[in-house]
Amino acid sequence: MNLKAGLVFSLFIFSIIPETYADDAAVLPQGRWRLRLATAYSQFTNQLNDSGISSSLGSTYSKSLDAKFLSLINKNSAALFKAVNAAPLNANISQAAELKTDVDSMFISNTLVAEYGLTDRLSIGVIVPIIHGEIKVKSTSTPDQNFERVTNNMPDPNLKAAMSQMSAATTTQGLNSLLTNQFQYSSGLKSWSSTGVGDVEIGAKYNYYNALPLKTTFKLGTRLPTGNEKDENVLVNAGFGDGQWDIGAYHYVDYQPLSNLYFTLETGYIAQLPNSGNYRIPFSADLPIGMAPTSLQRKLGDYWEAGLEGNLTLQKYWTISPKYRFKQKFSDSFSGGPAGVDLSLLENNTDELLHEGLIQLEYSNLPAVRAGQSRIPYGVTAFYRQPFAGKNVVDARTAGMMIKSYF
């Protein structure tokens with residue numbers, strides 16, 4: 001059981017913003033601005049689990065509502081099953097219903113990137129994402145036929161009434177009422193949508209070596225906690241930020257063997273700084289809901305990534321760029337909270353691996369501007385990417401467009 005579905009949604013936000021990692025060793029000339037606006041559309045229904053196998057996001061909330069599971073919600077459930085099976089009906093019931101949930105997610109990011117050349121070797125920049133997310137939830141609870149049969153034929157009026165109450169409690173409506181009344185969720189197995197600002201990034205790039213065929217650059221930056229976190233009181237939702245500061249360092253090496261071909265090797269490390277907040281601790285590994293939010297100290301796992309990109313320019317104006325990206329994130333850690341609470345339930349399966357492919361095609365009129373044939377420089381880029389292996393990450397397909405201009 002993957003208990004970190006909400007966290008997956010939140011962390012995915014950082015991977016639908018292409019500018020955070022689609023970069024090279026180039027910096028801007030002194031006094032020059034570059035503006036970029038990128039729109040990315042991502043959709044996913046599956047995740048790559050801790051074994052690297054694709055499974056549906058809805059599997060987190062798809063359960064056999066049997067004695068073991070229901071006893072986690074109500075300690076009297078196991079006793080009821082035992083009493084019914086001891087009745088003279090040869091009942092042999094094992095579950096009350098089967099819950100099946102489908103989850104379909106869609107995110108659109110509109111990201112503004114502004115960069116400025118302080119010197120011919122030093123550029124600064126800011127990234128501001130605005131994100132719209134929708135998570136569609138379709139949940140159905142199918143009553144167990146054997147349970148219904150035994151309920152209808154039960155001669156003991158008290159047992160029959162208790163079984164009828166259990167039947168009502170295991171409908172989708174009944175489960176949602178349980179989540180809101182007993183566990184204080186403001187929303188249960190229901191769809192969600194929201195729009196907001198993500199975590200803003202600011203940084204600087206310094207080109208410390210530039211002599212053909214090599215160009216090498218450092219980039220340092222920080223991510224500010226400007227985006228809303230995942231709401232712990234809504235069962236299915238996403239955060240547009242993770243609530244704490246990040247500090248990152250990247251290194252880029254451009255190698256240009258031909259005038260129309262260069263390669264970029266990118267490596268980077270992101271340190272996610274500690275913070276505190278209110279988090280729901282799951283009741284068990286089998287129950288993807290938690291007790292009332294508890295104040296905890298949290299340290300999200302740091303991560304590092306590497307990428308190799310090729311850029312081939314065709315007919316002066318068109319550039320095609322395939323890229324491979326690898327990311328490894330380490331496990332989260334939590335501390336504090338009530339005595340005896342198992343915080344490992346929040347930490348399990350929070351490490352990540354990702355192998356991803358990206359392809360983009362850009363049209364740029366810079367050659368025409370340099371030749372005096374055009375006055376306003378611009379570029380238009382179409383891109384597409386998807387993972388092809390990994391664990392504890394969403395299996396998402398992302399497509400988008402980016403426009404850029406210099407002045």
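The values are calculated or read from the model by the stated rules, or taken from the named source; none is laboratory data. Only a predicted model underlies this, so the values are computations on that prediction, with no experimental measurement involved. Methodologically, a virtual Cβ is constructed for each residue, glycine included, from the backbone with ideal geometry; neighbour enumeration extends over all protein chains shown.
Counting only residues that are farther than 30 Å from Leu366 by Cα and not in a strand (DSSP E or B), how many does segment 388-407 have?
3
Within the group Gly221, Gly227, which residue is surrounded by 15 or more Cβ atoms within 10 Å (Cβ to Cβ) and under 19 Å from the mean Cα position of the chain (by Cα)?
None of the other options fit; the residue is Gly227.
Conditions first: (1) modelled with pLDDT of 90 or more; (2) farther than 25 Å from Asp199 by Cβ; (3) surrounded by 15 or more Cβ atoms within 10 Å (Cβ to Cβ). Ser77 passes all but one, so which condition is the exception?
Just one mismatch for Ser77, condition (1).
Can you name the residue in segment 230-282 that is aromatic (Phe, Trp, Tyr) and part of a strand (DSSP E or B) and, of all such residues, is farthest from Phe218 (Cα to Cα)?
The qualifying residue farthest from Phe218 (Cα to Cα) is Tyr279.
Restricting the first residue to segment 353-364 and requiring it to be hydroxyl-bearing (Ser, Thr, Tyr), which pairs with a second residue that is assigned to a strand (DSSP E or B) meet a Cβ separation below 6 Å and a spacing of at least six or different chains?
Pairs found: Tyr363/Trp318; Tyr363/Val380; Ser364/Gly379.
If only one of Pro129, Pro225, Pro155 is more than 24 Å from Arg280 (Cβ to Cβ), touching an Asp or Glu at 6+ places or on another chain (Cβ under 8 Å) and not hydroxyl-bearing (Ser, Thr, Tyr), which one is it?
It is Pro129.
Just to be sure I understand the filter: pairs with C-beta atoms under 8 Å, separated by 6 or more residues or on different chains, first member in segment 110-125 and farther than 17 Å from Lys404 by Cβ and in contact (Cβ under 8 Å) with a residue 24 or more places away in the chain, second member in a strand (DSSP E or B) and among the charged types (D, E, K, R). Which pairs pass?
Leu122/Lys205
Of all residues in segment 351-372, which are farther than 30 Å from Phe334 by Cα and part of a loop (DSSP other than H, G, I, E, B)?
Asn365, Ala371, Gly372 - these are the residues of segment 351-372 that are farther than 30 Å from Phe334 by Cα and part of a loop (DSSP other than H, G, I, E, B).
Looking at segment 163-189, I want the residues that are under 17 Å from Leu99 (Cα atoms) and have a partner that is of a type in the set (Asp, Glu) with Cβ atoms under 8 Å, at least 6 apart or on another chain. Which pairs are those?
Close Cβ pairs satisfying both conditions: Ser167/Glu148.
Quick check on this structure: which one of Tyr255, Tyr269, Tyr303 is among the aromatic types (Phe, Trp, Tyr), crowded, with 19+ Cβ neighbours inside 10 Å and at pLDDT 95 or above? Let's see the steps before the verdict.
Values: Tyr255 fails: crowded, with 19+ Cβ neighbours inside 10 Å; Tyr269 fails: crowded, with 19+ Cβ neighbours inside 10 Å.
None of the other options fit; the residue is Tyr303.
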